[in-house]
Amino acid sequence: MNTNQGQKNNKTLLVGILALLLLLSNAYWLFQNSSKNEQIATEQSKVDELEGIKVKLEKEYYESLSQLEEMKSSNTELNKVIDAQKAQLSQQKSKIDDLIRNKKDLAAARAQIDGMKTQLNQYLAEIQALKQDNAKLTARVKEVEEQATQLEGNVRVLTDDKNNLTSQLNTTTKDLEDTKAREENLKKVIKVDKVELIAINTKGEDVRKAKNASGFKVKFKTSKNSFARGKETFYVQVISPQGVTISNKAMKVKLNNDEEVSFTSSTDINYSGAEQDVTASVIFEDAKIEPHSQYEVRVYHRGEYVGGNNSKKLRKNIFN
């Protein structure tokens, strides 16, 4: 009985030891499993943290790019500044990506992401200031352009006024010169008197009968003129009873009043300033001298009518 009791006690002791060992094993397993769970949780937390940082970085970066892009305008220089700012943000993002990828310093990565937002605000403030400066500059440029346009208009007006004044001055100068020239010309006009109209034949001889006349000889005496010297031309106009200038050719002379008159003949003399007898002859090829008719003679010198006569003062029997 003692032997059986001892065996029984041994079995009980063995079962107790096994139970204890099992309990210790379970406790160790639970401890180990708990440590692994904590490690996994820690690692998962880190992964979640990295993902969160990445998402925040991407969100901040692309929102920043979008805001910068919206600030662009038609101003080329301003757009260059914005593109430069975008390039700086890209470089900053690359540095943060490197910190996240290598898990070097997540706190620094967070700080730089926050700094990116701060930097963006600075960029936006700079761009806004540039836009305001550009708006002021544009307004000033427009003001200057308007002033320049007004000045150009004033210059054109002044130029027109100057041109008008110059034209008026030139006209006045020309008028004065023309007036002076006319005055000088008028001082040299030589009056004539004792104008005679004498019928002549083809040989230039005086005739008494109209049927023998082939032309006229005009005689006159010049007056004295101390201003005229040298060659002087006199234009003789013989007018028929019908009021037509007798002429072999379409010869005309312009008078000082701009009127043009036909003339029958012209003669040049060498004038000395004293009285001088002048004779101008003209033979007509087809003209027929009419008897008992009056022929008028007019003499012009330097564009002025200087004297004349008609056949009534000639001897009557010349045209008998």
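The values are calculated or read from the model by the stated rules, or taken from the named source; none is laboratory data. Please read all numbers here as calculations on a predicted model, not as lab measurements. Neighbour counts run over all protein chains shown; Cβ positions are idealised from the backbone, glycine included.
So here's what we get for this one:
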| read-out | value |
| --- | --- |
| A274 vs. criteria in a loop (DSSP other than H, G, I, E, B), within 18 Å of G215 (Cα to Cα), among the aliphatic types (A, V, I, L, M) and assigned by TED's automatic domain parsing to the domain that holds V299 | no |
| Residue in region 137-157 that is without any contact (Cβ under 8 Å) to a residue 12 or more places away in the chain, surrounded by 11 or more Cβ atoms within 10 Å (Cβ to Cβ), part of a strand (DSSP E or B) and out of contact with any Asp or Glu (no Cβ under 8 Å at 6 or more places or on another chain) present | no |
| Number of positions in region 175-233 that are within 60 Å of the chain's Cα centre (by Cα) and among the hydrophobic types (A, V, I, L, M, F, W, C) | 7 |
| Residue among K209, K180, K188, K194 that alone is surrounded by 13 or more Cβ atoms within 10 Å (Cβ to Cβ), among the basic types (K, R) and at pLDDT 85 or above | K188 |
| Region 72-102: number of residues that are modelled with pLDDT under 75, touching a helix residue (DSSP H, G or I) at 6+ places or on another chain (Cβ under 9 Å) and not in a helix (DSSP H, G or I) | 2 |
| Residue within region 217-232 that is at pLDDT below 90, part of a loop (DSSP other than H, G, I, E, B) and more than 21 Å from R302 (Cβ to Cβ) present | no |
| Residue match in region 249-270 (condition: among the aromatic types (F, W, Y), at negative phi and modelled with pLDDT under 85) | no |
